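The values are calculated or read from the model by the stated rules, or taken from the named source; none is laboratory data. The shown structure was predicted, so the numbers you read here are calculated from the model rather than taken from an experiment. So basically every Cβ, Gly included, is an ideal-geometry build from the backbone, and we count neighbours across all protein chains shown.
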């Protein structure tokens with residue numbers, strides 16, 4: 001697991017609609033993780049945050065920074081979303 005993997009994930013997911021769609025359509029967090037694994041995008045939440053900070057620091061235009069911030073929120077919501085069919089107690 002590396003920060004570079006998380007940076008690669010950010011780049012790929014920001015620009016690849018099919019990849020994002022696969023992640024959204026995954027019914028469980030395990031399936032989402034398998035999709036990431038298949039693409040050699042293995043990273044921890046902490047590595048994602050570090051990659052996000054590094055990428056944000058390198059943004060030269062506000063619109064790029066805004067897009068990156070929106071992407072981060074999308075990923076956090078998706079990452080924390082409960083698996084389909086799982087009900088809360």
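A compact table of results
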quantity: Verdict on residue 68 being part of a helix (DSSP H, G or I), surrounded by 14 or more Cβ atoms within 10 Å (Cβ to Cβ) and out of contact with any strand residue (DSSP E or B) (no Cβ under 7 Å at 6 or more places or on another chain); calculated: yes
quantity: Where a residue in segment 76-89 is closer than 10 Å to residue 27 by Cα and its partner, wherever it lies, is in a helix (DSSP H, G or I) and at pLDDT 90 or above, with Cβ under 7 Å and at least six apart; calculated: 83/29
quantity: Selected residue (criterion: surrounded by the fewest Cβ atoms within 10 Å (Cβ to Cβ)) from residues of segment 41-65 that are over 16 Å from the mean Cα position of the chain (by Cα) and farther than 11 Å from residue 7 by Cβ; calculated: 60
